[in-house]
2 protein chains.
Amino acid sequence: MKRSIEDTPIVLIGAGNLATNLAKALYRKGFRIVQVYSRTEESARELAQKVEAEYTTDLAEVNPYAKLYIVSLKDSAFAELLQGIVEGKREEALMVHTAGSIPMNVWEGHVPHYGVFYPMQTFSKQREVDFKEIPFFIEASSTEDAAFLKAIASTLSNRVYDADSEQRKSLHLAAVFTCNFTNHMYALAAELLKKYNLPFDVMLPLIDETARKVHELEPKTAQTGPAIRYDENVIGNHLRMLADDPAMQRLYELLSRSIHERQ
Amino acid sequence: MKRSIEDTPIVLIGAGNLATNLAKALYRKGFRIVQVYSRTEESARELAQKVEAEYTTDLAEVNPYAKLYIVSLKDSAFAELLQGIVEGKREEALMVHTAGSIPMNVWEGHVPHYGVFYPMQTFSKQREVDFKEIPFFIEASSTEDAAFLKAIASTLSNRVYDADSEQRKSLHLAAVFTCNFTNHMYALAAELLKKYNLPFDVMLPLIDETARKVHELEPKTAQTGPAIRYDENVIGNHLRMLADDPAMQRLYELLSRSIHERQ
């Protein structure tokens with residue numbers, strides 16, 4: 001009997017935002033998550049319950065018989081735990097991490113089968129995301145391992161790509177701008193609106209349209225606002241309004257200059 | 001016979017991004033745009049054709065019999081042209097501007113009926129927007145004029161609010177963050193991806209999800225990425241990648257610190 005790819009026994013190392021969303025998506029597609037490891041018992045148990053898996057907070061207790069180990073830890077924790085993760089696993093085990101910023105070769109010399117399984121998206125435990133549109137970037141130690149990882153990613157998403165560690169590093173840097181820094185702009189606006197007793201949700205149509213616009217126009221073409229021509233009058237007024245928050249004022253000025261100079 | 005509000009003869013002063021989108025939306029709702037003024041003949045003619053109006057590049061030729069004059073100019077041009085705009089118009093004419101940043105009282109002493117008609121959105125000529133969700137903020141010199149402006153805005157949008165000049169100024173400042181600066185983050189990412197020969201459109205799912213997320217979560221809760229805990233390792237790598245562009249590098253660092261400090 002041919003086994004289907006969903007029979008692959010998977011262990012999740014990590015139970016954070018990305019691990020939680022990815023494990024749930026795999027579980028819903030019929031994959032067998034056999035175990036979840038996290039240093040925090042509550043996180044391990046919570047995710048394990050959601051995907052009908054065992055859980056542990058002890059690396060030495062991690063199931064050695066899985067086929068795929070998906071490591072989704074903060075970069076610093078990964079470096080620290082790497083030795084414990086690879087120890088005692090079988091030759092045929094495939095070890096992958098999910099980080100945009102970590103090169104594949106961190107695995108080199110530790111295990112024979114390894115790779116990277118990077119879904120480029122912003123994940124929060126509180127929110128379900130639709131995996132179909134998420135780009136997955138795959139890299140592996142062999143063509144077979146890459147094909148296997150791509151087959152798994154393809155059950156979740158329509159956008160599965162090869163990317164080497166250099167490309168992934170570049171994508172991750174760009175993603176910090178499009179996602180993390182963008183969200184911070186929302187957060188600064190929310191702070192301002194709170195100060196003025198205005199509701200944040202009046203901004204949502206503007207946020208949505210700003211995002212939709214760059215589906216059609218290049219971001220540079222889509223740019224609007226006083227910074228394009230560095231309108232001294234409007235910008236001066238805004239800087240005065242921010243006088244009680246010098247850090248935000250400085251950011252406003254630098255961002256306006258950046259828009260003006262790159263236009 | 002009771003005249004419907006759509007019979008209001010409207011003159012557009014300005015033919016830029018906002019004027020173009022607003023005039024087209026009003027025209028589609030059946031309003032009579034009688035004339036378009038712009039200092040640039042091409043802009044005036046182009047918009048006039050779209051909304052079956054006359055056009056002029058001479059303020060002295062602006063139709064004096066309209067009921068509503070919608071002034072949608074850059075802030076600096078508005079100050080310069082104000083005298084010419086009000087000159088020779090009838091007592092009953094209602095003059096409004098569409099700028100978030102200009103207080104209503106610029107009209108004071110110039111005309112008896114005036115106000116502000118501010119649709120808070122990012123407009124580009126190349127892109128049609130759906131007006132139904134755009135918040136309109138209205139202010140006027142009298143309750144009657146405000147009611148009239150709200151009636152017009154309500155034909156376009158489901159979100160029509162009163163806002164005084166102080167509130168509008170605050171909204172406009174917050175909008176610069178949520179829209180102009182956000183779009184600049186997309187533009188910086190596009191620049192990076194171009195440098196690395198990667199396509200911008202792989203970022204679209206991330207851009208969309210980042211925007212959708214804040215419909216459900218507060219921006220601070222939605223924040224992800226290396227800056228939250230100021231991950232020295234990832235941030236250090238990114239700063240090194242930006243070494244050839246010190247301005248972008250400086251922005252990256254300030255934005256990361258801002259996220260970290262406000263978390």
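Points to keep in mind about this one:
- Condition met for A:Val86 (under 30 Å from B:Tyr230 (Cβ atoms), β-branched (Val, Ile, Thr) and within 19 Å of the chain's Cα centre (by Cα)): no
- Criterion applied to B:Ser38, B:Ser76, B:Ser72 was being at pLDDT below 95 and under 23 Å from the mean Cα position of the chain (by Cα), and the one residue passing it is B:Ser76.
- Filtered by the rule that a residue be open to solvent by 10 Å² or more (accessible area, probe 1.4 Å), over 18 Å from A:Leu188 (Cα atoms) and either of a type in the set (Gly, Ala, Ser) or not assigned by the TED database to the domain that holds A:Ala187 (or both), the stretch A:206-256 gives a lone residue, A:Gly236.
- Total residues in the stretch A:87-103, condition in contact (Cβ under 8 Å) with a residue 40 or more places away in the chain and either polar (S, T, N, Q) or surrounded by fewer than 20 Cβ atoms within 10 Å (Cβ to Cβ) (or both): 3
- With respect to the stated conditions, B:Pro64 is closer than 22 Å to B:Thr20 by Cα, out of contact with any helix residue (DSSP H, G or I) (no Cβ under 9 Å at 6 or more places or on another chain), open to solvent by 30 Å² or more (accessible area, probe 1.4 Å) and not basic (Lys, Arg).
- Members of the stretch B:96-113 that are under 24 Å from the mean Cα position of the chain (by Cα) and over 21 Å from B:Ser157 (Cβ atoms): B:Pro103, B:Asn105, B:Val106, B:Trp107, B:Glu108, B:His113
- Of all residues in the stretch B:1-34, those satisfying the criterion of being in contact with a Phe, Trp or Tyr (Cβ under 9 Å, 6 or more places away or on another chain), open to solvent by less than 40 Å² (accessible area, probe 1.4 Å) and not hydrophobic (A, V, I, L, M, F, W, C) are B:Thr8, B:Pro9, B:Gly14, B:Gly16, B:Thr20, B:Asn21.
- Positions within the stretch B:109-135 being away from chain A (no Cβ under 14 Å) and touching a Phe, Trp or Tyr at 6+ places or on another chain (Cβ under 6 Å), in sequence order: B:Tyr114
- Scope the stretch A:122-163; condition touching a residue at least 40 places away in the same chain (Cβ under 8 Å) and within 25 Å of B:Lys194 (Cβ to Cβ); matching residues: A:Thr122, A:Ala163
- Flag if A:Ser101 is at pLDDT below 95 and part of a loop (DSSP other than H, G, I, E, B): yes
- Count of the stretch A:126-135 residues which are open to solvent by less than 50 Å² (accessible area, probe 1.4 Å) and among the basic types (Lys, Arg): 1
- For B:Val106: the one exception among (1) more than 14 Å from chain A (Cβ to nearest Cβ); (2) surrounded by fewer than 20 Cβ atoms within 10 Å (Cβ to Cβ): (1)
Matching residues to (1) more than 9 Å from chain A (Cβ to nearest Cβ); (2) under 16 Å from the mean Cα position of the chain (by Cα):
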{"residue": "B:Asp164", "(1), (2)": "yes, no"}
{"residue": "B:Val176", "(1), (2)": "no, yes"}
{"residue": "B:Phe181", "(1), (2)": "no, yes"}
{"residue": "B:Lys220", "(1), (2)": "no, no"}
{"residue": "B:Thr224", "(1), (2)": "no, no"}
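- In the stretch B:227-238, the residues that are under 25 Å from A:Ser256 (Cβ atoms) and within 34 Å of the chain's Cα centre (by Cα): B:Ala227, B:His238
- Subset of the stretch B:136-181 [in a loop (DSSP other than H, G, I, E, B) and open to solvent by 10 Å² or more (accessible area, probe 1.4 Å)]: B:Ser141, B:Ser142, B:Asn158, B:Arg159, B:Asp164
- Near pairs, Cβ below 6 angstrom, 6+ apart or cross-chain, from the stretch A:197-211 (at negative phi and more than 7 Å from chain B (Cβ to nearest Cβ)) to any residue that is open to solvent by 20 Å² or more (accessible area, probe 1.4 Å) and not β-branched (Val, Ile, Thr): A:Phe200/A:Ala190
The values are calculated or read from the model by the stated rules, or taken from the named source; none is laboratory data. Just so we're clear, the structure is a prediction, and the values are computed from it rather than from any experiment. Every residue, glycine as well, gets a Cβ built from its backbone with ideal geometry; the counts of neighbours run over all protein chains shown. Heads up: the accessible areas ignore ligands, DNA and RNA and are worked out on the full protein's heavy atoms, side chains in. Shrake-Rupley method; radii C 1.70, N 1.55, O 1.52, S 1.80 Å.
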